[in-house]
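Here is the structure we will look at, set down as structure tokens.
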Amino acid sequence: MSHSPSMSLEVTVAMATDVGLRRKQNQDAIGQMTPTDPGVLEQLGQIFVLADGVGSLKGGDLASQYAVSTIIGSYYEQETGDPAERLARAIAEANNVIYAEGHSQDVPEVMATTVVVAVIRGRELIIGSVGDSPAYLMRNAEARKLTLDHNVEMMQLEAGAPLADGDPTGRKLVRALGNLPSVKVDIISGPVRGG
């Protein structure tokens, strides 16, 4: 599917991270890339990545940095595949890098991060996610969550067996980059319009 420049959206980007209220160290990483080559931009679009290191684990800050750089690099370096396929493979590659880095230590340690990625190509939006960093669509002053949190609470709800209110295990992640040798990546896509 080709896209003409007249079909492209005007994209304005603002990115920032914050340590938050519970941690002493900011384990977030963000990055984006807009290709300067018009052909690459038309074929693969722009990419935006947010990774949030798992704070209860040592190395969450490194995991999030590895995720951002690996995903952006891998997405554009692949030789085949449509954007959704490339994005899924790029996120899986980031998982491999983080897992290998954590296990290459003298004393292996789990280092992990959540990630949410958006690719905008023409008027197509492709989102990839692992963990509980959400993506929202803002429309008419309302936010609609597009991603599913990969934590115990949401997985139990999806399975039809919701947790009791206040169950402390609810926020525990069941999926993140780096904690296992392979990872399942959620990919969603669809058309998007200006505004």
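Please list, by residue number, everything in the range 143-166 whose backbone N is under 20 Å from a paramagnetic label point 7 Å out along Cα→Cβ of Ser189.
146-148
Note the per residue figure in Å³ for the convex hull of the C-alpha positions in the chain.
Hull volume normalised by residue count: 149 Å³.
Round to a whole number: what % of the accessible area of the chain belongs to carbon and sulfur, probe 1.4 Å?
The value for the chain is 52 percent carbon and sulfur by accessible area.
Just the number please: accessible area per residue for the chain, 1.4 Å probe, all protein chains included, in Å².
Heavy-atom accessible area per residue stands at 57 Å².
Taking the Cα centroid of the range 168-192 and of the range 17-36, what is the distance between the two, rounded to the nearest whole Å?
With the range 168-192 and the range 17-36 each reduced to a Cα centre, they are spaced 18 Å.
Straight-line reach from Lys184: which lysines fall under 25 Å, measuring Cα to Cα and dropping same-chain residues less than 8 apart?
Once the sequence-local lysines are set aside, what remains near Lys184 is Lys58, Lys145, Lys172.
The values are calculated or read from the model by the stated rules, or taken from the named source; none is laboratory data. The model shown is predicted, which means the values in this text are computed figures rather than measured ones. Here Cβ is always computed from backbone atoms with ideal geometry, including for glycine, and neighbour counts include all displayed protein chains. Heads up: the accessible areas ignore ligands, DNA and RNA and are worked out on the full protein's heavy atoms, side chains in. Shrake-Rupley method; radii C 1.70, N 1.55, O 1.52, S 1.80 Å.
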